[in-house]
Every structure is written in structure tokens, then in C-alpha cells.
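The values are calculated or read from the model by the stated rules, or taken from the named source; none is laboratory data. All values derive from a computational prediction rather than experimental measurement. When we count neighbours, we look across all protein chains shown, and the Cβ atoms used for this are built from the backbone with ideal geometry, even at glycine. For accessibility, only protein heavy atoms count, side chains too; no ligands or nucleic acids. Shrake-Rupley method; radii C 1.70, N 1.55, O 1.52, S 1.80 Å.
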Amino acid sequence: MAIHPTALIEDGARLAPDVEVGPYCVVGRSASLDAGVKLHSHVVVRGNTEIGARTAIHSHAVLGGEAQMRTHKPSPERLVVGVDNVIREGVTISCGSHAGRGTTQIGDRNYLMAGSHVGHDCIVGNDVTLANGAQLGGHVQVGDGVNMGGLSAAQQFGRIGRYAFVSGLSGVTTDIIPYGIAIGLHVRLGGLNLVGLRRRNIPRENIHALRAAYRAIFLDWDGSIQTNAQRAESQWGKVPEVAEVIAFILADAKRPICPARRKGADSDAE
């Protein structure tokens, strides 16, 4: 174990034998660091925090701080971070809260760039990228493979579906469907993330069906998004990607579904 002499490791902290802890780091008594974890200088790991194997945490990141809420009541909430994550400079990730799930959860192989924030009780999937300064409010759910651009922000209790793309400087106040591209100060759907679909080797016929369903639900058919999604189920519901979008739309949630831009909304990103 390589621990710099200026680092402070509180009694009770659990560190695997090969963990590296850089200068001036602080590891709290309830923290657990698995094999191969590396803390660069000035990292703070507090609270009931579990850091998965081979995760690298860069300078001035703070993980496991108390939930940032006026009514917070100190109690044994947790932060669980998976394996092979990269957490860059100045990232902050809060523990869960007494008012939520009690646990903030980060999956595997995520890349959190400098200055990004994950609020209390969030659930972040696998292979997610938060660009510089991206912000997640409390209770936000982010699916696998999501990309959030620099200085984008998601309001509390929101959902961002798998493999969605959120443009930089965008404000997410509604739920973003899986595979969608969201753009704007108050985001609107600008199409589907075709690049992401192709990179994941989704069959061409499935992509065509997803595009047709998207146009029908958000652009062509009259009626609400939910009503159109139910109607689309009979036509394209056997296509897994379409079924996923329909289930996302029809799920019981606190935020409405993000609508599409009416002008130019059919121009998918290439």
C-alpha cells in the first residue's frame, strides 16, 4: 500500500493492500477503497462511501459529503461507486439522504470530468460521461451510456434514458427518452442519437423502426405523447429499442417527457 505521509487515514477506514493515496488526502473512518483504487493529491472521501476496484480519483474531488439540502438529517446514508471509474479534478458526489433512497449509486466505467456534480440519491448507470461542469440534481436517474455535455444540468427527480445525448449548456427539466438527443436552455428533443445506436451495433432495421416510431409519437400523430406511445406499441412494440422507449414514456414518473422541437426536429444527428 502506497500512502503518502501527509495523507490522513482515519481509524476504521478499509483499504485494499494495493490502494494508492496521494499527498494531503483525507479518507474517513467509514470509507472503503477496493483493490487498485488510486487517490491523487487532495482528495476527500467521507461518509459511508464504497469505492470500487481500479477507480481513479483526481485532485480536489470530494466524495461522500452530506446531501446538500436544507432539511438534511445526519444518518447512515451511503455512496456506492462501481469499478473502473475515472473521477477528475474537483468532482463532488454526495451521499444519499434521509428523504430519498438513502444511497447515491454510481455504476462502472464512468468518466466524470472536472467540476461535475452528482447530487444526493442519484442513480448513474455504466459507461456514462459527464463533461466539465455537468450537474445532476438530487434523485436524478441516468441510464447506461448517456453523454452530458459541458455545463449542462439536470433538475432533481429527472430521468435520462439509456444512450441519450444532452448537448452542452442545456437545462434538463423534463425526462429524456432513451436514444434521444436533447438540446437547449429548456431542452427539446432534436432527434435520435444515431451515432450512438450505430456504435452499439443496433441492427439497421431496428434503427429504422425506432426512427419511424419517434416521428409518429413526437411529430406526426395527434394526441399526447403517452397516447401516441400506446398507439405505437401495437405497430413497433416488438422492436426492443422501441419497446424500451415506450416503457420509459409510460412509466410513472415525477417529470413530464421532453417534447420534440417542432421545427427541424426530424434532422437526426449524424
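Structure data summary
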item	result
Beta bridges by DSSP in the chain, antiparallel share as percent, to the nearest 5	5 percent
Spatially proximal aspartates and glutamates relative to residue 254 (Cα-Cα < 16 Å; intrachain offsets below 8 disregarded)	121, 175
The chain, accessible surface, carbon-and-sulfur percent (1.4 angstrom probe)	50 percent
Rounded D (µm²/s) - region 31-179, Kirkwood Rh over Cα pairs, Stokes-Einstein at 25 °C, 0.890 mPa s	167 µm²/s
Helix-only CD estimate at 222 nm, as mean residue ellipticity for the chain, using -39500 (n - 2.57) per DSSP H run (n ≥ 4)	-4500 deg cm²/dmol
Residue 60 accessible area, 1.4 Å probe, all protein chains in place, Å² to nearest 10	110 Å²
Net length gained if the chain between residue 73 and residue 2 were fully extended (0.36 nm per residue, minus Cα distance)	22.0 nm
Computed Rg/Rh of region 103-219, alpha carbon atoms with Kirkwood Rh	0.97
For the chain, built as a Gaussian network whose Cα springs stay under 10 Å, the top-fluctuating residue of 88, 14, 78	14
Region 156-264: radius of gyration and largest Cα-Cα distance (Dmax), Å	12.9, 37
Calculated FRET efficiency for the pair residue 99/residue 234, C-beta based, R₀ 45 Å, to 0.05	0.65
Of 141, 156, 230, the one that fluctuates the most in a GNM where the chain has Cα springs shorter than 10 Å	230
Principal axes of the chain: Cα extent on each, largest first, Å	65, 39, 31
Dimensionless Rg ratio for region 46-97, taking C-alpha atoms and the 2.2 N^0.38 Å reference	1.16
Cα centre as origin, Lys/Arg/Asp/Glu Cβ charges: the chain dipole, Debye	540 debye
Average projected area [Cα convex hull, region 68-124], square nanometres	3.8 nm²
Net charge of neighbours whose Cβ lies under 14 Å from the Cβ of residue 127, counting Lys and Arg as +1 and Asp and Glu as -1	+1
Alpha carbon Rg of region 187-239, scaled by the compact-globule rule 2.2 N^0.38 Å	1.18
Residue-normalised accessible area of the chain, expressed per residue, 1.4 Å probe, Å²	45 Å²
Region 124-183 - Kirkwood radius from inverse mean 1/r over Cα pairs (Å)	10.6 Å
Largest-first principal axis extents, alpha carbons of region 1-70, Å	39, 22, 19
